[in-house]
Amino acid sequence: MPPTPFDQQELDVGDGHRLYVAQYGRPDGPAAVVLHGGPGSGTQPSVLDWFDLSVQRVVLFDQRGAGRSQPQGMLMHNDSAHLVDDIERIRARLGIARWMVVGGSWGATLALLYAGRHAERISGLLLRGSFLASERELHWFFQSLRAMVPAGWARMTAGWDAARREDACRSLCDALLGGDTAQQEDAARRWHDYENAVMLAMSGRDEAPALQELPARVLHKYRIQAHYLANHCFCSEEELLRAAASLKTVPMTIVHGTHDLVCPPENAVRLQAANPAARMVWVGRGTHTPADPAIAAALKDAVKALLAAG
């Protein structure tokens, strides 16, 4: 059973959006906030395993349109700048002066954007499997990875003409954002099954069967993701690297798996080049998912070290 939150609330952040926010652990302990991936995935209670809840106060929340935040799947007024404002609004609402910021994948992107604007509010920054919002990474995931997961890529692009196969990301985004209901659901299934094939390839496991039923939350997730990717995530790799470079006095740890196929290890190298003071933790044979035991153990150790440093 996951821990029970000592506080849950719905925070009205304007523009018709209401965010689900939950707090766990010790109310008077040093605070941390975890930024989930996606965009659009929603938070998972399993991330609480990285923290000592007898000592720390941990804030989890679902970003705009994701998880239990309302309205689910809403794309209007949903961009990176609004999400950064939301993080700061949550901090102020909860009366937290400074906190540790933990983000993985898209959550690492968002953590860097937040740090670039609110470094004075951060006691420590922990980035896992960082995504740098670049065309380089999108081409890697949607095109180059076909060499690693040929069957999964073939299923994702089945029935497409050459033009659509040459830009799978754009083809999926166009269907999810401009297609009718059937086209949106078809694109969400294709994206989900390909992503699942990549995750399973990293762990060396057999591929799972294709998704049959399509829960509304899954469609919402991929529509939000398409919205962000179609708009270059409303930021740039250069902006994220500048944010990393600006963190001169904030303890920063980069955790990255050597076998991460989703966000290439090159990203971690670029981040440390931008901020040589950052601590690099390479996880041998580590993959992208925080469910990977080796990644989870590294995150737990990194949280403990940042807590001591702060």
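The values are calculated or read from the model by the stated rules, or taken from the named source; none is laboratory data. Predicted, not measured: the structure shown is a model, and the values here were computed from it. Positions of Cβ are backbone-derived with ideal geometry, glycine not excepted, and every protein chain shown enters the neighbour counts.
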Quiz item: What helices (runs of 4 or more DSSP H) completely inside the range 117-196 contain at least 2 residues that are at pLDDT 95 or above, among the hydrophobic types (A, V, I, L, M, F, W, C) and surrounded by fewer than 16 Cβ atoms within 10 Å (Cβ to Cβ)?
Solution: 162-166
Exercise. Check Ser41, Ser54, Ser80 and return the single one that is of a type outside the set (A, V, I, L, M), assigned by TED's automatic domain parsing to the domain that holds Val303 and surrounded by fewer than 16 Cβ atoms within 10 Å (Cβ to Cβ).
Key: Ser54
Quiz item: Here are some residues: Glu166, Glu120. Which one is out of contact with any helix residue (DSSP H, G or I) (no Cβ under 9 Å at 6 or more places or on another chain), free of Cβ contacts under 8 Å to residues at least 40 places away in the same chain and in the same structural domain as Ile87 (by TED's automatic domain parsing)?
Solution: Glu120
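Out of everything in the range 24-38 that is farther than 30 Å from Phe234 by Cα and touching a helix residue (DSSP H, G or I) at 6+ places or on another chain (Cβ under 7 Å), what residue ends up being surrounded by the most Cβ atoms within 10 Å (Cβ to Cβ)?
Tyr24
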Quiz item: Going through the range 292-310 one residue at a time, which ones are under 15 Å from Ala31 (Cα atoms) and not in a helix (DSSP H, G or I)?
Solution: Gly310
Practice problem: Report, by residue number, each residue of the range 60-71 that is crowded, with 19+ Cβ neighbours inside 10 Å and more than 15 Å from Thr4 (Cβ to Cβ). | Solution: Phe61, Asp62, Gln63, Arg64, Gly65, Ala66, Gly67, Ser69
Practice problem: Mind telling me which of the residues Ala291, Ala201 ends up being at pLDDT below 95, more than 18 Å from Gly40 (Cβ to Cβ) and in contact with a Gly (Cβ under 8 Å, 6 or more places away or on another chain)? | Solution: Ala201
Quiz item: Pick from Lys248, Lys221: which is loosely packed, with under 14 Cβ neighbours inside 10 Å, touching a residue at least 12 places away in the same chain (Cβ under 8 Å) and among the basic types (Lys, Arg)?
Solution: Lys248
Quiz item: Where residues in the range 8-19 are touching a residue at least 40 places away in the same chain (Cβ under 8 Å) and closer than 13 Å to Leu94 by Cα, which of them is surrounded by the fewest Cβ atoms within 10 Å (Cβ to Cβ)?
Solution: Glu10
Practice problem: Filter the range 259-297 for residues that are in contact (Cβ under 8 Å) with a residue 60 or more places away in the chain and either loosely packed, with under 14 Cβ neighbours inside 10 Å or touching a Phe, Trp or Tyr at 6+ places or on another chain (Cβ under 9 Å) (or both) and give the result. | Solution: Leu261, Val262, Cys263, Pro264, Asn267, Ala268, Pro290, Ala291, Ala296
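If a residue must be of a type in the set (A, V, I, L, M, F, W, C) and in a helix (DSSP H, G or I), how many such residues does the range 233-275 contain?
Result for the range 233-275: 12.
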Exercise. Assess whether Phe61 counts as being within 13 Å of the chain's Cα centre (by Cα) and farther than 28 Å from Gln272 by Cβ.
Key: yes
